[in-house]
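**Q** Pasting in a structure now, in structure tokens, and then I'll have a few things to ask.
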Amino acid sequence: MRGTHLVGSLPADGPSAAMHEALQVVGAGLKSLPDGETGERYHWIIHIIEGLRDHPDLELVRDGGWTTYEDVPVFRVRKGHTLGNLDLGHVAAFRESYPLFLEARAAAARPDLQFQVGIPGDFDMALFVLGPRGALTGKRPFTDATVAEIEAIHALGGDDVVFQIEIPVELVMVARMPRALQPAVARLLARGVTALARRAPVGARFGVHLCLGDMNHHALGKLQDTAPLVTLANALARAWPADRPLEFVHAPFAAADIPPVTAPRWYAPLDRLRLGERTRFVAGFAHEDQPLEDQLFVLETIERSVGRPIGLSHACGLGRRTPEEAERALARLAELAAAADRGRVPA
């Protein structure tokens with residue numbers, strides 16, 4: 001009932017190798033399979049932003065080398081220009097990986113398996129390209145480009161595809177707000193995220209990856225407790241259009257290299273989580289640097305608060321880990337799934 005989930009990236013030698021490794025280690029519980037986001041895609045959106053250096057409508061305001069979240073390039077729209085012709089690369093990646101997915105799915109005898117396509121949120125793209133001030137007025141071109149690529153991929157893959165909308169900026173913004181303002185900010189940000197789904201083709205399938213960031217395996221933000229992610233998840237569920245299924249919400253319970261908290265009170269706000277019955281809640285707490293017994297305690301604590309079995313996952317993609325670290329992380333996820341199947345965790 002719980003199932004496993006992989007957020008996206010794996011440090012593998014190409015999509016075929018990534019999908020084969022995922023299916024071999026944790027495949028029995030997977031409902032959707034990413035292609036590993038290998039090659040230049042391993043670092044989420046960095047390769048997309050670097051590709052904008054030669055865009056005719058943009059000019060560099062401040063350069064950066066991506067060593068920290070402060071050391072990033074910032075662009076602005078050139079005077080007299082209108083930003084357009086944005087190619088985010090998702091369609092090209094899909095065309096390359098989808099045939100390999102079909103082969104992997106057939107070899108695994110898993111006709112039920114969906115192909116998971118990670119889509120960075122449009123506001124997240126705008127903020128990382130244009131900076132906070134530019135993102136407030138310059139999001140529209142990123143929205144249009146994101147929707148166009150969702151439409152193109154859906155036309156090619158149809159029901160085989162589930163789009164995972166990835167939104168670290170939204171979760172970190174909610175978490176940084178005073179507690180009294182978090183519901184209002186979450187509602188505002190949720191309207192922006194769900195606008196992508198509303199403009200997508202009817203029947204397009206979605207999941208949402210709430211994220212704390214994982215640049216160089218370090219988080220952009222941290223949570224004082226689970227209240228911000230509950231507030232944002234509930235706002236998304238309430239605003240989500242009914243004819244574009246929201247199949248899962250994935251939430252982080254670790255912060256990159258920092259393992260999950262083991263204090264039960266940290267998880268207490270989860271009893272206010274209100275997702276629809278058809279939306280799976282996937283907890284990103286699998287962490288190779290925490291003892292298995294502590295991980296099982298975290299799993300039991302989350303499920304007791306949520307009140308139902310949950311999906312098992314890591315907090316983010318594994319692309320920023322070494323191959324050895326990623327192998328350990330996958331093994332931990334498999335350990336947790338096996339322990340749950342053996343009844344070591346109350347259902």
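No value in this document is a laboratory result; all are computed from the given coordinates. Quick caveat, the model's predicted, so the values are computed rather than measured. All Cβ positions, even for glycine, are placed from backbone atoms using ideal geometry, and neighbour counts span all protein chains on display.
**Q** Arrange the peptides 152-162, 20-30 so that the one whose residues have, on average, the most other Cβ atoms within 10 Å appears first. Kindly include the intermediate steps, with their values, before the conclusion.
**A** Details: 152-162: 16.5, 20-30: 18.9.
Top to bottom by mean Cβ count within 10 Å: 20-30, 152-162.
**Q** Measuring from label point to label point, each 7 Å out along Cα→Cβ, what is the A242 to A268 span in nm?
**A** So the two model labels end up 3.6 nm from each other.
**Q** Taking the Cα centre of the chain as origin, sum charge times position over the Cβ atoms of Lys and Arg (+1) and Asp and Glu (-1), and report the length of that vector in debye to the nearest 20.
**A** Details: 37 positive and 43 negative charges, 311 e Å.
Approximately 1500 debye in magnitude.
**Q** I need the peptides 6-12, 215-221 ranked by packing, meaning the mean over residues of other C-beta atoms within 10 angstrom, with the highest value on top. Numbers along the way, then the final one.
**A** Working: 6-12: 24.4, 215-221: 17.1.
The densest-packed peptide leads the list: 6-12, 215-221.
**Q** Which percentage, to the nearest 5, of the DSSP beta bridges contained in the chain is antiparallel? Provide the component values of the computation, followed by the final result.
**A** Working: 6 of 36 bridges.
Close to 15 percent.
**Q** State whether segment 169-237 is rounded, prolate or oblate according to the following rule on the C-alpha gyration tensor (a ≥ b ≥ c being the square roots of its eigenvalues): a/c under 1.5 gives rounded; otherwise a/b larger than b/c gives prolate, and the remaining case gives oblate. Can you show the working numbers first?
**A** On the way: a/c = 2.48, a/b = 1.40, b/c = 1.77.
Since a/c reaches 1.5 but b/c is at least a/b, the shape of segment 169-237 is classed as oblate.
**Q** Could you tell me which residue out of P228, M215, A186 lies farthest along the dipole of segment 181-318 toward its positive end? Charges go on the beta carbon: Lys and Arg +1, Asp and Glu -1, centred on the Cα centre.
**A** Comparing the listed Cα positions along the dipole, A186 ranks first.
**Q** Hey, how many Å between the Cα centroid of segment 127-183 and the Cα centroid of segment 184-221?
**A** Cα centroid of segment 127-183 versus Cα centroid of segment 184-221: 5 Å apart.
**Q** Report the extension gain between A106 and K222 in nm, rounded to one decimal, defined as 0.36 nm multiplied by the number of residues separating them, less their alpha carbon distance. Spell out each step's value before the answer.
**A** Details: separation 116, 0.36 × 116 = 41.76 nm, distance 4.02 nm.
Net length gain for the segment: 37.7 nm.
**Q** Name the residue from A175, T4, A106 whose Cα lies farthest towards the positive end of the charge dipole of the chain, charges +1 on Cβ of Lys and Arg and -1 on Cβ of Asp and Glu.
**A** Farthest towards the positive end: A175.
**Q** Okay, next question. If the only charges are +1 at each Lys and Arg Cβ and -1 at each Asp and Glu Cβ, what is the size of the charge dipole of segment 232-286 around the Cα centre, to the nearest 20 debye?
**A** On the way: 7 positive and 5 negative charges, 36 e Å.
Roughly 180 debye, rounded to the nearest 20.
**Q** Would you list, by chain and number, the lysines whose Cα falls below 26 Å from the Cα of K139, excluding same-chain residues fewer than 8 positions away?
**A** Once the sequence-local lysines are set aside, what remains near K139 is K79, K222.
**Q** Moving on to the next point. Going by C-beta contacts inside 10 Å, put W240, W66, W44 in order with the fewest on the left.
**A** W66, W240, W44
**Q** Suppose each label sits 7 Å from its Cα in the direction of the beta carbon; what would the M177-R133 distance come out to in nanometres?
**A** Using points 7 Å along Cα→Cβ, the separation is 2.3 nm.
**Q** Let me ask something else about it. Placing +1 on the Cβ of each Lys and Arg and -1 on the Cβ of each Asp and Glu in the chain, which of L246, V117, P73 has its Cα farthest towards the positive end of the resulting dipole?
**A** Sorting the options by dipole projection puts first L246.
**Q** In whole Hz, what ³J(HN,Hα) sequence does segment 96-110 give by Karplus (6.51, -1.76, 1.60; θ = phi - 60°), x for Gly and Pro?
**A** Coupling constants for segment 96-110: 6, 8, 4, x, 5, 4, 4, 5, 5, 5, 5, 5, 7, 6, 10 Hz.
**Q** If you don't mind, another one. Nothing charged except the Cβ atoms of Lys and Arg (+1) and of Asp and Glu (-1): what's the magnitude of the dipole of segment 1-146 about its Cα centre? Round to the nearest 20 debye. Write out the running numbers ahead of the final one.
**A** Details: 14 positive and 19 negative charges, 97 e Å.
Dipole about the Cα centre, nearest 20: 460 debye.
**Q** At D159 and E293, where each label point lies 7 Å from the Cα along Cα→Cβ, what is the point-to-point distance in nanometres?
**A** Computed distance between label sites D159 and E293 equals 4.7 nm.
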